[in-house]
1. For residues that are in contact with a helix residue (DSSP H, G or I) (Cβ under 8 Å, 6 or more places away or on another chain) and crowded, with 16+ Cβ neighbours inside 10 Å, tally how many sit in segment 57-67.
2. Could you give me the residue pairs with C-beta distances under 6 Å whose first residue belongs to segment 29-40 and is over 15 Å from Ser54 (Cβ atoms), whose second residue is surrounded by 13 or more Cβ atoms within 10 Å (Cβ to Cβ) wherever it lies, and which are 6+ apart or on separate chains?
3. If the requirement is being part of a loop (DSSP other than H, G, I, E, B), at pLDDT below 95 and not small (Gly, Ala, Ser), which of these qualifies: Asp6, Asp50?
4. Limited to segment 28-56, what total is found for residues that are more than 22 Å from Gly4 (Cα to Cα), of a type outside the set (S, T, N, Q) and surrounded by fewer than 18 Cβ atoms within 10 Å (Cβ to Cβ)?
5. Taking the stated definitions as given, is Leu67 among the hydrophobic types (A, V, I, L, M, F, W, C) and closer than 16 Å to Leu8 by Cα?
6. Go through (1) surrounded by 14 or more Cβ atoms within 10 Å (Cβ to Cβ); (2) hydrophobic (A, V, I, L, M, F, W, C); (3) part of a helix (DSSP H, G or I) and name the single condition Leu21 misses.
Amino acid sequence: MLEGTDILKQTLAEVIKEYRLGQNRSISLLSREVNLSKSIWSDLEKGIKDPQFSTLWKVAESLNVPLSQIIKVMEENLKNKLSFIENQ
(Lines give C-alpha, C1' and ligand atoms only; values in the text may rest on other atoms or scores of the structure.)
Protein backbone atom coordinates (compact mmCIF):
# COMPACT_ATOMS: atom_id res chain seq x y z
CA MET A 1 0.00 0.00 0.00
CA LEU A 2 1.29 3.43 -0.93
CA GLU A 3 1.61 6.10 1.74
CA GLY A 4 2.33 9.83 2.04
CA THR A 5 4.79 11.11 -0.50
CA ASP A 6 4.52 7.90 -2.54
CA ILE A 7 0.82 8.65 -3.11
CA LEU A 8 1.72 12.17 -4.21
CA LYS A 9 4.39 10.94 -6.60
CA GLN A 10 2.09 8.34 -8.11
CA THR A 11 -0.76 10.83 -8.51
CA LEU A 12 1.58 13.35 -10.15
CA ALA A 13 2.86 10.61 -12.45
CA GLU A 14 -0.66 9.73 -13.57
CA VAL A 15 -1.59 13.38 -14.22
CA ILE A 16 1.57 14.15 -16.20
CA LYS A 17 1.21 11.01 -18.32
CA GLU A 18 -2.48 11.70 -18.94
CA TYR A 19 -1.73 15.22 -20.23
CA ARG A 20 1.15 14.00 -22.40
CA LEU A 21 -0.83 11.15 -23.94
CA GLY A 22 -3.83 13.42 -24.43
CA GLN A 23 -1.62 15.63 -26.56
CA ASN A 24 -0.19 12.61 -28.39
CA ARG A 25 3.35 13.79 -27.69
CA SER A 26 6.44 11.76 -26.91
CA ILE A 27 8.69 11.99 -23.88
CA SER A 28 11.61 12.62 -26.24
CA LEU A 29 9.96 15.63 -27.85
CA LEU A 30 8.76 17.23 -24.62
CA SER A 31 11.97 16.68 -22.70
CA ARG A 32 14.00 18.17 -25.55
CA GLU A 33 11.75 21.27 -25.67
CA VAL A 34 12.54 22.20 -22.07
CA ASN A 35 16.02 20.70 -21.72
CA LEU A 36 14.96 17.94 -19.32
CA SER A 37 16.47 14.49 -19.68
CA LYS A 38 14.22 11.72 -20.99
CA SER A 39 15.16 9.57 -18.01
CA ILE A 40 13.95 12.21 -15.53
CA TRP A 41 10.68 12.63 -17.42
CA SER A 42 10.22 8.86 -17.61
CA ASP A 43 10.92 8.50 -13.88
CA LEU A 44 8.33 11.21 -13.16
CA GLU A 45 5.73 9.30 -15.16
CA LYS A 46 6.58 6.11 -13.26
CA GLY A 47 6.24 7.86 -9.89
CA ILE A 48 9.90 7.24 -9.07
CA LYS A 49 11.03 10.85 -8.76
CA ASP A 50 9.98 13.46 -6.23
CA PRO A 51 10.60 16.49 -8.46
CA GLN A 52 11.85 19.91 -7.54
CA PHE A 53 9.52 22.84 -8.15
CA SER A 54 11.61 24.00 -11.11
CA THR A 55 11.24 20.58 -12.72
CA LEU A 56 7.47 20.68 -12.27
CA TRP A 57 7.45 24.13 -13.85
CA LYS A 58 9.35 22.80 -16.89
CA VAL A 59 6.96 19.87 -17.23
CA ALA A 60 3.91 22.12 -17.05
CA GLU A 61 5.45 24.53 -19.53
CA SER A 62 6.24 21.78 -22.02
CA LEU A 63 2.66 20.47 -21.74
CA ASN A 64 1.27 24.01 -22.19
CA VAL A 65 -0.70 23.54 -18.98
CA PRO A 66 -0.50 25.91 -16.00
CA LEU A 67 1.21 24.26 -13.04
CA SER A 68 -1.79 25.28 -10.96
CA GLN A 69 -3.99 23.13 -13.22
CA ILE A 70 -1.77 20.09 -12.69
CA ILE A 71 -1.99 20.63 -8.93
CA LYS A 72 -5.77 21.10 -9.13
CA VAL A 73 -6.19 17.80 -10.99
CA MET A 74 -3.96 16.10 -8.42
CA GLU A 75 -6.14 17.47 -5.62
CA GLU A 76 -9.28 16.22 -7.35
CA ASN A 77 -7.74 12.77 -7.83
CA LEU A 78 -6.60 12.58 -4.22
CA LYS A 79 -9.79 13.93 -2.65
CA ASN A 80 -9.71 12.79 0.99
CA LYS A 81 -7.19 9.98 0.46
CA LEU A 82 -4.21 11.81 1.86
CA SER A 83 -3.36 14.01 4.83
CA PHE A 84 -0.03 14.67 6.45
CA ILE A 85 -1.74 15.87 9.61
CA GLU A 86 -2.12 13.15 12.20
CA ASN A 87 -5.51 12.66 13.82
CA GLN A 88 -5.47 13.71 17.43
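1. 5
2. Leu30/Ser62; Glu33/Ser62; Lys38/Ile27; Lys38/Ser31
3. On the way: Asp6 fails: part of a loop (DSSP other than H, G, I, E, B).
Testing whether each residue is part of a loop (DSSP other than H, G, I, E, B), at pLDDT below 95 and not small (Gly, Ala, Ser) leaves just Asp50.
4. Of all residues in segment 28-56, those more than 22 Å from Gly4 (Cα to Cα) come to 28-39.
Cutting the leftovers down to of a type outside the set (S, T, N, Q) gives us 29-30, 32-34, 36, 38.
Next, from what is left, pick out any that are surrounded by fewer than 18 Cβ atoms within 10 Å (Cβ to Cβ): 29, 32-34, 38.
Of the residues in that region, 5 qualify.
5. Working: among the hydrophobic types (A, V, I, L, M, F, W, C): yes; closer than 16 Å to Leu8 by Cα: yes.
In short, yes.
6. Failed condition: (1).
The values are calculated or read from the model by the stated rules, or taken from the named source; none is laboratory data. Only a predicted model underlies this, so the values are computations on that prediction, with no experimental measurement involved. Cβ sites come from the backbone with ideal geometry, for glycine too, and all protein chains shown count toward neighbours.
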